[in-house]
Amino acid sequence: MMTLEGRIALVTGAARGIGRGCALALARAGANVAINDREQSDDATSLLNEIRGLGRQAVLVVGDAFEADACEHIVAQSIDVFSHIDILISNPACSRTGDFLDFDVRAFEQVLQGTLLSGFLIGQFVARRMVERRKGGKIVFISSVQARIPYVRCAAYNAAKAGLNHMAMTMAAELARHRINVNVIEPGWIDTPGERALFGEEAIARAAPTLPWGRLGTIDDIGRAAAFLCSHDADYITGASLLVDGGYALRGAMTHAAEETET
């Protein structure tokens, strides 16, 4: 069985949604976890208790992963508690939608800051510590299926996620000699509190059966993928982009195949 026994993980944006799923999956696999979020919330406290209930150590590191100084603090405080970091799950993102012709430049910059630059900052601080320690490590970025599908009215988010993927591949190439694996997970449509707030319960219920897998993805689906990429079973995997979308990116191909079958 896949195990992360004795490993130390840092998960950013961990209190809710995909970050929470990743933190729990790593803890279930045996890791002790530093969870990061912007504030000490009820969600963060409940996650701490759940991880500790699994018999793992957990600490909340408060800080805004969108800011350089905060990222350095997040990494330093995690190491102060656990002495080192073996695993990083970089999860923060910022999304704004709007027609390209009218898209506000400040909103575009915010999306790049929260999605691409935040990944660069936290990734760089953690990778430096991993290199200094000379024990290798695992870095996983949570990207999106939108890195490869250019959804309309999402120019900034599409660009940021595509850039995140390419940055991760560059990191993988540069850090291979240090035995630091760098990979990307591309979630499809995942059932999170944020998605339910954005689309509404009724819209989610109507959409789920129309997806290729007959349901939205769950935070556990993403968490299990992250735990795999951070395990010894994935030691020979670096520079990979893993779709975890239940076939979401294949919907166009499936529609075309169905039309051909009907004719």
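Computed from the coordinates by the stated procedures, all read-outs in this text should not be read as laboratory data. All values derive from a computational prediction rather than experimental measurement. Don't worry about glycine lacking a Cβ; one is built from the backbone with ideal geometry, like all the others, and counts go over all protein chains shown.
Who wins for biggest fluctuation among 149, 89, 219 in a Gaussian network model of the chain, springs between alpha carbons below 10 Å?
Fluctuation is largest for 149.
How are the alpha carbon pair distances in the range 56-189 distributed across 5 Å bins from zero to the largest one, expressed in percent?
P(r) for the range 56-189, in whole percents per bin: 2, 11, 19, 21, 18, 14, 9, 4, 2, 0.
Given an 8 Å cut-off on Cα distances and at least 6 residues of separation, report the relative contact order of the chain as a percent. Spell out each step's value before the answer.
Values: 513 pairs, mean separation 52.6, N = 263.
Here the relative contact order equals 20 percent.
So if I take the alpha carbon set of the range 117-263, get Rg, then get Rh from the Kirkwood formula, what is the Rg over Rh ratio? Walk me through the numbers on the way to the answer.
Values: Rg = 17.5 Å, Rh = 16.9 Å.
Rounded to two decimals, Rg over Rh is 1.04.
Enumerate the residues in the range 57-90 having an amide nitrogen under 18 Å from the point lying 7 Å beyond the Cα of residue 132 toward its Cβ.
It comes to 68-88, nothing else.
7 Å from Cα along Cα→Cβ at both residue 80 and residue 241: what's the point-to-point distance in nm?
3.8 nm
From the phi angles alone, apply the Karplus equation (6.51, -1.76, 1.60; θ = phi - 60°) to the range 18-23 and give each ³J(HN,Hα) in whole Hz, x where the residue is Gly or Pro.
Working through the residues one at a time gives 4, x, 5, x, 5, 4 Hz.
So between residue 218 and residue 197, what do we pick up on full extension, going 0.36 nm a residue minus the alpha carbon distance? Walk me through the numbers before you get to the answer.
Working: separation 21, 0.36 × 21 = 7.56 nm, distance 1.56 nm.
Computed gain between residue 218 and residue 197 is 6.0 nm.
What span do the alpha-carbon atoms of the range 10-114 cover on each of the three principal axes, reported in whole Å from largest to smallest?
For the range 10-114, the Cα extents along the three principal axes come out at 52, 24, 23 Å.
Taking the Cβ of residue 91 as the centre, find all other residues whose Cβ is under 12 Å away and add up their charges (Lys, Arg: +1; Asp, Glu: -1).
Numbers: positive: 16, 20; negative: 37.
Spelling it out: positives minus negatives among the neighbours equals +1.
Tell me, rounded to the nearest percent, the portion of alpha carbon pairs in the range 166-245 spaced more than 19 Å apart.
Distances greater than 19 Å cover 48 percent of the Cα pairs.
For the chain, build the charge dipole from Cβ charges (+1 Lys, Arg; -1 Asp, Glu) around the Cα centre, then report which of 250, 116, 207 sits farthest towards its positive end.
Of the listed residues, the answer is 116.
For the range 146-205, go through all pairs of different Cα atoms, get the mean of 1/r, take its inverse, and jot down that Kirkwood value in Å.
On the way: mean 1/r = 0.0730 Å⁻¹.
This gives a value of 13.7 Å.
Do you know the relative contact order of the range 1-115, to the nearest whole percent, from alpha carbon pairs under 8 angstrom that are 6+ apart?
Working: 197 pairs, mean separation 30.8, N = 115.
Result for the range 1-115 is 27 percent.
Given H placed 1.01 Å from N in the peptide plane, which residues other than close sequence neighbours of residue 31 have an amide H under 5 Å from its amide H?
Here 4 satisfy the definition.
Whole-Hz ³J(HN,Hα) for each residue in the range 59-64, computed from phi via Karplus 6.51 cos²θ - 1.76 cosθ + 1.60 with θ = phi - 60°, x for glycine and proline: what do you get?
Result, ordered by residue: 9, 8, 10, 7, x, 8 Hz.
Enumerate the calculated ³J(HN,Hα) couplings along the range 37-43 in order (Karplus 6.51 cos²θ - 1.76 cosθ + 1.60, θ = phi - 60°), each rounded to whole Hz, writing x wherever the residue is Gly or Pro.
8, 5, 8, 8, 9, 4, 4
Label points 7 Å out from Cα along the Cβ direction at residue 46 and residue 104: separation in nm?
Output for this residue pair reads 3.2 nm.
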